[in-house]
Amino acid sequence: MKNVSSAVIILFAATSPENPDKLKKDHDTIRVKDLKVSVPFYRDILGLEQIDNAGLGDHIKWFKLGNEVQVHLVESDIVVEKNKGVHSAFNTQNLTKFMEFLKANNIAFENGDGEKNTFTDRPDGVRQIYFQDPDGYWIEVNDNKLP
C-alpha cells in the first residue's frame, strides 16, 4: 500500500496545473471592538497610512503599508480567539529604535518565549519582537532584510 500512495502523490504532482500567476499579498482583515481605539494604534504606533475604504461605510477603515499591502479594520462584536502563533508580521530596518519607541509609548513587548522587553535572536540573524494591539491580536516586528 505504501508504494501505491507514493505513486498517487507523484502522479498528482506531475499532472497538477501550475499557477499561471504569482500570487501577491493584497490585505488582511482584522475584526476590532472599537475603531476609535484601533485606528490610532495602527496609524500612530504601526505608522500605517489610512486610505479610502471604497465606500464600505464608517465601520471599516483601510490602511496600507509601504509595499502597498493593506490592513482592513472592521468594527464588530465578533470575538476572535487570539494566540501568538497566529500573528501579523511587520518589518523595520531599525528594531532597536522601534523597541525604544514602543517603550516611550508604554507598549509592552516580548520575545517569542514571553520574556519582557527583549527580542528573539533567530539562528538566521533576524531579531524579532511580539506585542499586542488594543484587541489582543499578536503582532511581530522583525529586522529581516527584505528585497
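Read the figures in this text as sums done on the coordinates, not as results from a lab. Remember, predicted model here, so these are calculated numbers, not experimental data. Methodologically, a virtual Cβ is constructed for each residue, glycine included, from the backbone with ideal geometry; neighbour enumeration extends over all protein chains shown.
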Quiz prompt | Out-of-range pairs (alpha-carbon distance over 20 Å; input LYS24/LYS82; LYS24/LYS97; LYS64/LYS84; LYS25/LYS64; LYS25/LYS116) | solution = LYS24/LYS82; LYS24/LYS97; LYS64/LYS84; LYS25/LYS116
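Report the net charge of residues surrounding ASN111, where surrounding means a beta-carbon distance below 13 angstrom and charges are Lys +1, Arg +1, Asp -1, Glu -1.
Values: positive: LYS84, LYS116, ARG122, ARG127; negative: GLU110, ASP113, GLU115, ASP121, GLU140.
So the surrounding residues net to -1.
May I ask for the net charge around VAL79, where only other residues with Cβ less than 12 Å from the Cβ of VAL79 are counted and Lys, Arg are +1 while Asp, Glu are -1? Don't skip to the answer; put the middle values down first.
Values: positive: ARG31, LYS33, LYS82; negative: ASP77, GLU81, ASP135.
Residues near VAL79 contribute 0 overall.
Using only the alpha carbons of the stretch 78-141, what is the convex hull's orientation-averaged projected area in square nanometres? Can you show the working numbers first?
On the way: hull surface 18.6 nm².
Convex hull of Cα atoms, orientation-averaged projection: 4.6 nm².
Around GLN128, what is the net charge, scoring Lys/Arg as +1 and Asp/Glu as -1 over all other residues with Cβ under 14 Å from its Cβ? Write out the running numbers ahead of the final one.
On the way: positive: LYS84, ARG122, ARG127, LYS145; negative: GLU110, ASP113, GLU115, ASP121, ASP124, GLU140, ASP143.
So the environment of GLN128 carries a net charge of -3.
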Quiz item: Relative to the first principal axis of the alpha-carbon coordinates of the chain, what is the inclination of helix 95-104, with its axis defined by its Cα atoms, in degrees from 0 to 90 and to the nearest 10?
Solution: 40
Self-check item: Antiparallel content of DSSP bridges confined to the chain, in %, to 5
Solution: 60
Self-check item: Cα radius of gyration and Dmax for the chain (Å)
Solution: 19.5, 61
Quiz item: Ranked highest first by average number of other Cβ atoms within 10 Å, how do 79-88, 118-127, 136-145 line up?
Solution: 136-145, 118-127, 79-88
